[in-house]
Structures are given as structure tokens and as C-alpha cells.
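First the structure, then my questions, so here it is.
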Amino acid sequence: MDARLNLRTPGSGKIVNLLSSADKVLKDSTLPAATQELVKLRASQINGCGFCTDMHSKDAALAGETSVRLNLVAAWREATVFTEAERAALELTEQGTRIADAAGGVSDEAWADAAKHYDEEQLGALVSLIALINAFNRLNVLVRQPAGSYQPGQFG
């Protein structure tokens with residue numbers, strides 16, 4: 001299976017490079033790295049982005065995330081392996097990713113819960129990360145980017 005479009009060509013490649021630069025800024029933020037990978041993985045699952053699900057599960061495993069936690073991200077509400085802060089980030093991720101499904105957008109309760117666990121800088125990084133991974137998901141879903149061959153760290 002081949003992608004419909006090569007996202008690394010001069011035209012679309014500029015946009016992908018800009019998005020990748022934003023991702024590097026977020027990686028250097030004070031938002032915990034484990035939280036970042038969980039957020040990327042959960043949004044990718046919701047959006048049906050196989051490429052990003054493949055990438056972020058492999059990158060998280062390389063960074064030391066356990067297979068139990070990775071396997072339970074899709075069922076995080078019933079899982080006991082996530083911290084309260086991670087659960088708040090995952091809830092914000094779900095509501096922010098499913099924004100079109102909820103007429104009110106992100107609930108005040110989800111926001112307040114996240115704000116209990118993350119300072120303003122971390123919240124800014126979390127919100128930006130949710131928006132960014134949704135952009136990457138949409139690019140890859142639109143072009144039907146194949147999943148399965150990603151090598152951890154492949155993009156730096």
C-alpha cells in the first residue's frame with residue numbers, strides 16, 4: 001500500500017517541516033514526556049491514524065513506556081495504571097480531539113481537572129500538543145499513510 005501523496009515533497013514538505021518544528025518545541029517543554037506520548041497515542045487512536053498510532057506506540061516503548069500502559073491507553077478510564085494527571089490529560093485529549101462531536105467543545109470540568117495538575121506553561125503545551133497531533137493525524141489519514149514500517153526515532 002502506498003500513500004496517496006508524498007508529504008515530504010517541496011510543497012507539502014514545508015508544512016510538515018513547520019509542524020515538526022512545533023513538535024520539537026513541545027518536546028522541550030515542561031510537560032512530561034510520558035504524558036506527551038500518551039496524548040499523541042490516544043488522539044491518533046481516536047482519529048484512526050494508523051501511521052501515528054504506530055509511531056507513537058513505538059517511540060513511547062523506546063522511551064521506556066510499558067506495554068501494559070500502551071495497551072491500555074484506549075481503555076484508560078477503566079485502567080488503574082495512569083496517574084491522575086495523565087488521566088486529566090487524556091480526558092482533555094479526548095474532548096479536544098472529538099470537538100466536533102460535542103456542541104460545547106471541551107467541558108469546564110475537563111479543563112479544571114487538567115488545570116489542577118498542570119501549570120500554565122504545561123497547559124499551553126498540552127493544548128498545543130493536542131492541536132498539533134490532530135493536524136498530523138489529519139494529514140496522514142487524508143493521504144492514507146501506511147502504518148507498520150515506522151522505525152523509532154526515524155524523524156529525529
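Coordinate-derived values only; no laboratory data. In this text the structure is predicted, and so the values were computed from the model without any measurement. Here the Cβ is made from the backbone with ideal geometry for all residues, glycine too, and neighbour counts use every protein chain on show.
State the extension gain, in nm to one decimal, for the chain segment bounded by residue 131 and residue 72, taking 0.36 nm per residue of separation less the distance between their alpha-carbons.
Contour length minus Cα-Cα distance gives 19.0 nm.
Oh, and also: Please state the relative contact order of segment 1-64 as a whole percent: Cα pairs under 8 Å, 6+ residues apart?
About 20 percent, as a whole number.
Quick one: Karplus J couplings for segment 80-96, per residue in order, coefficients 6.51, -1.76, 1.60, θ = phi - 60°, nearest Hz, x for Gly and Pro?
9, 9, 10, 6, 4, 5, 5, 5, 5, 5, 5, 5, 4, 4, 4, 5, x
Related question: Can you check how the C-alpha radius of gyration of the chain compares to 2.2 N^0.38 Å, as a plain ratio?
Dividing the Cα radius of gyration by 2.2 N^0.38 Å gives 1.02.
Expressed as an acute angle from 0 to 90° and rounded to the nearest 10, what is the orientation of the C-alpha long axis of helix 33-46 relative to the principal long axis of the chain?
For 33-46 against the chain, the angle is about 70 degrees.
Let me ask something else. Give me a comma-separated list of calculated 3J(HN,Hα) values for segment 132-138, in order, Karplus coefficients 6.51, -1.76, 1.60 applied at θ = phi - 60°, integers in Hz, x for any Gly or Pro.
Working through the residues one at a time gives 5, 5, 5, 5, 4, 4, 5 Hz.
Once you place label points 7 Å from the Cα toward the Cβ at residue 99 and residue 61, how far apart are they in nm?
With each label placed 7 Å out from Cα toward Cβ, I get 3.2 nm.
Say R0 is 35 Å: what FRET efficiency, to the nearest 0.05, do residue 79 and residue 16 get from their beta-carbon distance?
Plugging the Cβ-Cβ distance into 1/(1 + (r/R0)^6) gives 0.60.
Report, ordered by chain and residue number, the aspartates and glutamates lying within cross-link reach of residue 14, taken as a straight Cα distance under 19 Å and ignoring same-chain residues fewer than 8 apart.
By straight Cα distance, residue 14 reaches 23.
Given labels modelled 7 Å from the Cα in the Cβ direction, how far is it in nm from residue 3 to residue 154?
0.9 nm
Using only DSSP helix segments of four residues or longer, with each worth -39500 (n - 2.57), what per-residue ellipticity at 222 nm results for the chain after dividing by its residue count and rounding to 500?
Counting only the DSSP helices, I get -20500 deg cm²/dmol.
Now a separate question. Would you mind checking the tilt of helix 108-117 against the longest principal axis of the Cα atoms of the chain, expressed as 0 to 90 degrees and rounded to 10?
Roughly 90 degrees, rounded to the nearest 10.
Against the longest alpha carbon principal axis of the chain, how many degrees, from 0 to 90 and to the nearest 10, is the axis of helix 50-62 turned?
Helix 50-62 sits roughly 70 degrees off the main axis of the chain.
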